[in-house]
Amino acid sequence: MKGFAMLRIGEVGWIEKERPKCGPADAIVRPLALAPCTSDIHTVWEGGIGERFNMILGHEGCGEVVEVGPLVKDFKPGDKVLVTAITPDWNSLEAQAGYQMHSGGMLAGWKFSNFKDGMFGEYFHVNDADGNLALMPEGMDYGEACMLSDMVPTGFHAAELADVQFGDVVAVFGIGPVGLMAVAAAALKGAGRLIVVDSRPQCYDIAKAYGATDIVDFKAAPTEDQIMELTNNAGVDKVLLAGGDQRLFETAIKILKPGGRIGNVNYLGSGDYIQIPRVEWGAGMGHKNVLGGLMPGGRLRLEKLSRLMQFGKLDVSPMLTHKFTGFEHIEDALYLMKDKPADLIKPVVVL
Ligand code: NAP
Ligand code: ZN
């Protein structure tokens, strides 16, 4: 089969590979739509997860089941399915402890385009199909369905990590597709005021449509000054990090109220340390919590999040700014993601 792969750090291309084999509890899926992720860019061009050779990329997609193993109970060939980017081993001890994304070791629930070939092939393999697939709701747009692999669950995880409560003042740093979904999630969880921080005006109206109340352009003046001014020096209850780099933890600690929480879903691709400012962290006693997480993955979550789209609580369509038709365009979509033209939020390829 054909696949679009990372050949080595800094190099991508089309390759031929054997069709993946189906284990007893697994499924083989033919993609119906695919999307590249900012993480694919970190992986290929920044060496974010280290060297990989001839590894098919991609962890965002939906598809049609073509084969299942004998132990699979709830899916059969022909089913149209949603697939989660993180596919835990559900019988692992980590999953039993509630940290399925780390099943088999830290971050090891992230298998596609990390430990094995990803979705940008004519077929892809899904481990533990009953735990990691969900039936696609009737009539769901395939491109929109791809947002349930990663963008929706990751953005929503930022709001979960920060434990957004009714009426909270929440700041969201970065409103690419993940940050926009973090805004939508914080609004659904009842944030009272939602301050978004980014420099891309093309995302501002969409962020407002998802519930943002204030916009801060981080290139106009220091973010902490702008947010402290907006809040009359009170600061914010929660910070959701979905853009920028490790330097933002410093800003986040500065603007956070005592007892506040940071929910980070950003992939910190470089540098060795994160600096926490001592004084603003209450000299170690400020009750300012820092949580960062890989999104959880799994079927139940896919089913729940897809319900939000199915019943009109969440519309991901404004994020899909660039649409392609035809498998070969996965290459164009990935390069778009790398080059980030001003009008791009998320590209998607329908096969
Ligand atoms: P994206 O499209 O690059 O969006 C990030 C946004 O952050 C950009 O608009 C960027 O603006 C903005 N930004 C940069 N510096 C900033 C600053 N100092 N203050 C505020 N905003 C700033 O990325 P994405 O696709 O939404 O993904 C966001 C992150 O989530 C990535 O690191 C990705 O790898 C990660 N991710 C994590 C998981 C997980 O499971 N935890 C899953 C998927 C993705 P400019 O364009 O102007 O720089
Ligand atoms: Zn991703």
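The values are calculated or read from the model by the stated rules, or taken from the named source; none is laboratory data. All of these numbers come straight from a predicted model, not from anything done at the bench. All Cβ positions, glycine included, derive from the backbone under ideal geometry; neighbour counts span all protein chains shown. Just the protein is used for accessible areas: all its heavy atoms, side chains included, with ligands, DNA and RNA removed. Shrake-Rupley method; radii C 1.70, N 1.55, O 1.52, S 1.80 Å.
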Inset, instruction - Hey, can you tell me all the residues within region 61-81 that are away from ligand 1 (no atom under 16 Å from the Cβ) and closer than 21 Å to residue 305 by Cβ? - result: 62, 63, 64, 65, 74, 75, 79, 80, 81
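Among the residues of region 193-226, which ones are of a type in the set (Lys, Arg), within 11 Å of ligand 1 (Cβ to nearest atom) and touching a residue at least 24 places away in the same chain (Cβ under 8 Å)? Step through it out loud before you land on a result.
The initial filter retains those residues of region 193-226 that are of a type in the set (Lys, Arg), namely 193, 200, 208, 219.
If we keep only those that are within 11 Å of ligand 1 (Cβ to nearest atom) too, we end up with 200, 219.
The answer is 200, and nothing else.
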Legend entry - Tally of residues being closer than 21 Å to residue 145 by Cβ and either more than 16 Å from ligand 2 (Cβ to nearest atom) or surrounded by fewer than 21 Cβ atoms within 10 Å (Cβ to Cβ) (or both) across region 21-36: 6
Inset, instruction - Answer yes or no: is there a residue in region 158-180 that is within 16 Å of ligand 1 (Cβ to nearest atom), open to solvent by 20 Å² or more (accessible area, probe 1.4 Å) and not in a helix (DSSP H, G or I). - result: no
Inset, instruction - Look through 294, 334, 314 and report the one residue that is closer than 30 Å to residue 5 by Cα and open to solvent by less than 20 Å² (accessible area, probe 1.4 Å). - result: 334
Inset, instruction - Determine, yes or no, whether residue 81 is over 26 Å from residue 242 (Cα atoms), among the aliphatic types (A, V, I, L, M) and touching a residue at least 40 places away in the same chain (Cβ under 8 Å). - result: yes
Inset, instruction - Check 251, 325 and return the single one that is of a type in the set (Ser, Thr, Tyr), open to solvent by 60 Å² or more (accessible area, probe 1.4 Å), more than 19 Å from residue 187 (Cα to Cα) and over 22 Å from the mean Cα position of the chain (by Cα). - result: 325
Legend entry - Those strands (runs of 3 or more DSSP E) lying entirely in region 182-286 with at least 3 residues of a type in the set (Ser, Thr, Tyr): none
Legend entry - Residue count, region 52-103 (criterion: among the polar types (S, T, N, Q) and within 16 Å of ligand 2 (Cβ to nearest atom)): 2
